[in-house]
Amino acid sequence: DAKTTQPPSMDCAEGRAANLPCNHSTISGNEYVYWYRQIHSQGPQYIIHGLKNNETNEMASLIITEDRKSSTLILPHATLRDTAVYYCIVRSIQGAQKLVFGQGTRLTINP
Amino acid sequence: NAGVTQTPKFRVLKTGQSMTLLCAQDMNHEYMYWYRQDPGMGLRLIHYSVGEGTTAKGEVPDGYNVSRLKKQNFLLGLESAAPSQTSVYFCASSAFGSYNEQFFGPGTRLTVL
């Protein structure tokens, strides 16, 4: 599975949009981009995933560049409860669903 | 639905002792996984199962064994615990199909003295 690069930490003001970048320059055609988050030592929580089109659900939006070498997770109106470590994961849709977690981005939402 | 549950929540072992961690899911998921997370690190896959009676090695399988005798349960065993196995252990499950999200349990915090 392709390797991802994320900034180690970010800050965002409550109520503003949080934009979390992820680089995955070695992504291949059959690999999806997944985002999970982990709130304070709890089990990780799935947020969203996509292949090449932008995706939106009730939690977030995922913007993937046209060349698919990077993506941005957008939390449109961040709240204090969004403070967490966010993991960007690239994985093939073939075979078992083995997730490879990097160190993620520690997002802090400030009041 | 309880989702994914893990037993126990905390455990302290002495070096050389054995124990079994239990993971249970009530979502009728085919796939189940065991991960470990060390301080300041991301999760690493230990073993996984794609169905009842099947298991496979993940990224860091040494020192662990697993069994999936029932579809809803996935057991992780430590035969002879070592201090290097001090970690938080997470179990997860997912439905059949490559796209589906994984649902994680709350974790088991294990300390080996």
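The values are calculated or read from the model by the stated rules, or taken from the named source; none is laboratory data. None of these values were measured; they are calculated from a predicted model. FYI the Cβ positions are ideal-geometry reconstructions off the backbone, even for glycines, and counts take in every protein chain you see. All accessible areas refer to the heavy atoms of the entire protein, side chains included, with ligands and DNA or RNA removed. Shrake-Rupley method; radii C 1.70, N 1.55, O 1.52, S 1.80 Å.
I'd like the trypsin sites (Lys or Arg not before Pro) in the stretch B:1-68 restricted to DSSP loop residues with at most 12 other Cβ atoms within 10 Å, sorted by number.
Here the trypsin sites (Lys or Arg not before Pro) that fit, given the DSSP loop and packing criteria, are B:LYS9, B:LYS14.
At a 1.4 Å probe radius, carbon and sulfur cover how many percent of the accessible area of the protein assembly as shown?
Accessible surface attributable to carbon and sulfur in the protein assembly as shown totals 51 percent.
Over the stretch B:26-101, with the other protein chains present, what is the accessible area per residue in square angstrom, probe 1.4 angstrom?
With the other protein chains kept in place, the stretch B:26-101 gives 44 Å² per residue.
Can you check what the net charge comes to around B:GLY107, using other residues whose Cβ is under 12 Å from the Cβ of B:GLY107 (Lys, Arg +1; Asp, Glu -1)?
+4
Give me the accessible area buried between chains B and A, both sides summed, with a 1.4 Å probe, in Å² rounded to the nearest 100.
Approximately 1800 Å², summed over both chains.
What percent do you get for the relative contact order of the stretch B:47-92 when only Cα pairs under 8 Å and 6+ apart count?
27
Using 29 Å as the Cα-Cα cut-off, could you pick out the over-long pairs in B:LYS14/B:LYS57; A:LYS98/B:LYS70; A:LYS52/B:LYS70; A:LYS3/B:LYS71?
Pairs exceeding 29 Å: A:LYS52/B:LYS70; A:LYS3/B:LYS71.
Roughly what % of DSSP beta bridges within the stretch B:12-113 run antiparallel, to the nearest 5?
Beta bridges within the stretch B:12-113, antiparallel portion: roughly 95 percent.
What are the equivalent ellipsoid semi-axes of chain B, built from the alpha-carbon gyration tensor (square roots of five times its eigenvalues), in whole angstrom, biggest first?
23, 14, 13
Nearest 5 is fine: what % of DSSP beta bridges in the stretch A:4-111 come out antiparallel, could you say?
About 85 percent, rounded to the nearest 5.
With just the Cα atoms defining each centre, how far is the stretch B:64-90 from the stretch B:1-50? Give it in Å.
The two parts, judged by their Cα centres, are 6 Å apart.
I'd like to check one number: the per residue accessible area of chain A, probe 1.4 Å, reported in Å² as a whole number.
Per residue, chain A has 50 Å² of solvent-accessible surface.
For all pairs of alpha-carbon atoms in chain A, what percent lies in each bin of width 5 Å, listed from the first bin to the last filled one?
Spelled out per bin, shortest first, that is 2, 13, 24, 26, 20, 10, 4, 1, 0.
Straight distance only, please: which aspartates and glutamates reach the Cα of A:LYS69 with their own Cα at less than 20 Å, same-chain residues fewer than 8 apart left out?
A:LYS69 reaches A:ASP1, A:GLU31, A:GLU55.
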